[in-house]
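Reading through the structure tokens given below for one structure.
The values are calculated or read from the model by the stated rules, or taken from the named source; none is laboratory data. The shown structure was predicted, so the numbers you read here are calculated from the model rather than taken from an experiment. Neighbour counts run over all protein chains shown; Cβ positions are idealised from the backbone, glycine included.
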Amino acid sequence: MTTLIRPWTGSVDLRREVSVVSPAPRDVWRQALAADPSALPSQTPEWTDWLCRTRGFTDASRLYEFADGRRLLLPLLARTAAGVRLTEESMPYGFGYGGPLVMGGEPSPDQARAVLDDLARRPVLRSSLAPLPRASAKWSAIAPPGVVRVPYLAHVLDLEGGFEQVRSTRFRSGAKRNIRRALKQPLEVRSGAGSGVVEAFAELNRRAVERWARQRGQPLWLARLVDRQRDRVGQLASAIDALGPMVRAWTAYLHGEPVAVNVALHFGAQAYGWLSAVDADLARRTQAGALLLSLELEEACASGVRWFQLGESDPGSGVAQYKELYGGVPVSWSALRFERLPMTAADHRLRAVAGRLASLGRGRAGAVDR
């Protein structure tokens with residue numbers, strides 16, 4: 001379907017109408033991927049199709065064609081209930097980064113404003129843009145008043161120069177020590193998505209759910225229910241089938257027992273550390289996670305990847321410190337949300353209540369009758 005939008009009245013270069021086609025034609029989508037060196041795995045049509053098939057989304061991608069012949073293509077996923085479209089997001093939380101693919105370089109400020117203007121006018125409860133963290137500042141700078149900014153902390157590793165340079169100049173001494181320790185262990189390491197990775201991931205994920213329940217003082221049945229809703233194992237199994245060579249996996253075993261699994265997504269010059277699972281005790285003892293991350297980064301360098309996205313963490317957390325140990329550079333960024341109802345504020349309140357309940361559960365679990 002083709003529609004027409006008008007840029008904001010403040011635009012200088014785009015006083016004429018902008019044509020929008022949705023869903024975006026797949027042949028143009030392929031051209032946009034090939035022409036954008038920053039294209040991400042989560043911006044591919046395979047990613048969209050996979051999420052539509054397995055998570056109930058609808059392809060709402062939009063192709064913007066400007067008067068000067070420039071084209072931007074925005075991967076966009078819609079959530080529908082009872083036939084009513086509720087949200088349109090690029091990308092929904094937990095499903096990678098979005099933002100437009102740009103043919104011929106970065107969009108001009110006016111072209112970027114036209115995209116945000118279009119999202120702000122969408123007849124849904126929420127539309128959102130979660131761009132690549134390193135590009136986020138440019139989008140935030142032109143966002144209109146009233147937009148909801150959701151802050152995150154990501155870590156990004158620059159692989160320029162190849163693995164030896166990354167290892168020697170970006171890994172900290174603690175990272176190198178962990179890898180040396182891992183190499184002394186009787187670990188068996190397998191690479192590839194067909195090397196029993198789903199079975200190993202399922203077992204490690206099961207152990208992790210039980211560990212989290214104990215740590216939080218949470219009933220095991222509730223922890224398992226939350227895990228079933230997240231369906232990390234099912235996501236991995238279906239992604240291997242749907243995404244093919246984009247999925248790269250590494251698995252470590254100790255005496256035949258799975259210790260750690262790392263799964264990354266590759267596309268062009270970008271890689272994204274997607275899923276991981278470990279046996280906390282065995283991984284701490286053997287440093288298997290350090291070895292897998294090192295091998296993962298070495299493979300990315302050999303594949304021509306320039307930027308490795310290490311994902312989001314809480315500032316100052318152990319996870320954030322771990323990423324920095326291996327050269328990850330912290331990048332503060334914000335997702336932009338246009339909301340007709342205060343959905344983000346409501347979500348924050350629900351999370352706060354859940355956190356208080358979890359703390360209460362931990363207190364009760366640790367109480368001693370006197």
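Quick one: is Ala32 modelled with pLDDT of 95 or more, part of a loop (DSSP other than H, G, I, E, B) and under 25 Å from Ala269 (Cα atoms)?
Details: modelled with pLDDT of 95 or more: yes; part of a loop (DSSP other than H, G, I, E, B): no; under 25 Å from Ala269 (Cα atoms): yes.
Judged against the criteria, Ala32 is not a match.
Taken as a whole, the condition of being basic (Lys, Arg), more than 28 Å from Glu299 (Cβ to Cβ) and modelled with pLDDT of 95 or more does not apply to Arg167. Just one of the listed residues (Ala154, Ala143, Ala135) is surrounded by 13 or more Cβ atoms within 10 Å (Cβ to Cβ) and more than 23 Å from Pro37 (Cβ to Cβ), and it is Ala143.
Which one is nearest to Leu132 (Cα to Cα), of the residues in the stretch 293-330 that are in a helix (DSSP H, G or I) and of a type in the set (Ser, Thr, Tyr)?
Narrowing the stretch 293-330 to residues in a helix (DSSP H, G or I): 293-302, 318-325.
Next, from what is left, pick out any that are of a type in the set (Ser, Thr, Tyr): 294, 322.
Values: Ser294: 23, Tyr322: 21 Å.
Selected residue: Tyr322.
Among the residues of the stretch 175-221 satisfying the criterion of being touching a residue at least 24 places away in the same chain (Cβ under 8 Å), more than 22 Å from Gly318 (Cβ to Cβ) and of a type in the set (A, V, I, L, M), which is surrounded by the most Cβ atoms within 10 Å (Cβ to Cβ)? Applying the filter and picking the extreme gives Val197.
The single condition from (1) among the small types (Gly, Ala, Ser); (2) touching a residue at least 60 places away in the same chain (Cβ under 8 Å); (3) not assigned by TED's automatic domain parsing to the domain that holds Ala202 that Ala288 fails is (3). Of note, Ala200 satisfies the criterion of being modelled with pLDDT of 95 or more, touching a strand residue (DSSP E or B) at 6+ places or on another chain (Cβ under 6 Å) and within 17 Å of Leu282 (Cβ to Cβ). In the same structural domain as Arg71 (by TED's automatic domain parsing), more than 23 Å from the chain's Cα centre (by Cα) and without any contact (Cβ under 8 Å) to a residue 40 or more places away in the chain - does that describe any residue in the stretch 119-127? Checked the stretch 119-127: at least one residue is in the same structural domain as Arg71 (by TED's automatic domain parsing), more than 23 Å from the chain's Cα centre (by Cα) and without any contact (Cβ under 8 Å) to a residue 40 or more places away in the chain.
Would you mind listing the helices (runs of 4 or more DSSP H) fully within the stretch 123-240 where at least 3 residues are of a type in the set (Lys, Arg)? Explain how you work it out, then say what you get.
Numbers: elements: 136-142, 163-169, 173-183, 197-216, 220-230.
Passing ranges, in order: 173-183, 197-216, 220-230.
How many of the residues making up the stretch 75-105 are over 23 Å from Thr344 (Cα atoms) and in contact (Cβ under 8 Å) with a residue 24 or more places away in the chain? The qualifying residues number 4. Restricting the stretch 34-64 to residues that are more than 19 Å from the chain's Cα centre (by Cα) and either among the hydroxyl-bearing types (Ser, Thr, Tyr) or surrounded by fewer than 17 Cβ atoms within 10 Å (Cβ to Cβ) (or both) leaves a set whose member that is nearest to Ala82 (Cα to Cα) is Tyr64.
Those residues that are of a type in the set (A, V, I, L, M, F, W, C), part of a loop (DSSP other than H, G, I, E, B) and closer than 21 Å to Ala335 by Cα, I need them from the stretch 77-106; list them, please. Write out each step before concluding.
To start, the set of residues in the stretch 77-106 that are of a type in the set (A, V, I, L, M, F, W, C) comprises 77-78, 81-82, 84, 86, 91, 95, 101-103.
Remaining after also requiring part of a loop (DSSP other than H, G, I, E, B): 82, 91, 95, 103.
Those that are of a type in the set (A, V, I, L, M, F, W, C), part of a loop (DSSP other than H, G, I, E, B) and closer than 21 Å to Ala335 by Cα: Met91, Phe95.
Quick check on the stretch 89-106. Is at least one of its residues farther than 25 Å from Ala269 by Cα, surrounded by 14 or more Cβ atoms within 10 Å (Cβ to Cβ) and out of contact with any Phe, Trp or Tyr (no Cβ under 6 Å at 6 or more places or on another chain)? Walk me through it before giving the result.
From the stretch 89-106, those farther than 25 Å from Ala269 by Cα are none; that's our starting set.
Checking the stretch 89-106: not a single residue is farther than 25 Å from Ala269 by Cα, surrounded by 14 or more Cβ atoms within 10 Å (Cβ to Cβ) and out of contact with any Phe, Trp or Tyr (no Cβ under 6 Å at 6 or more places or on another chain).
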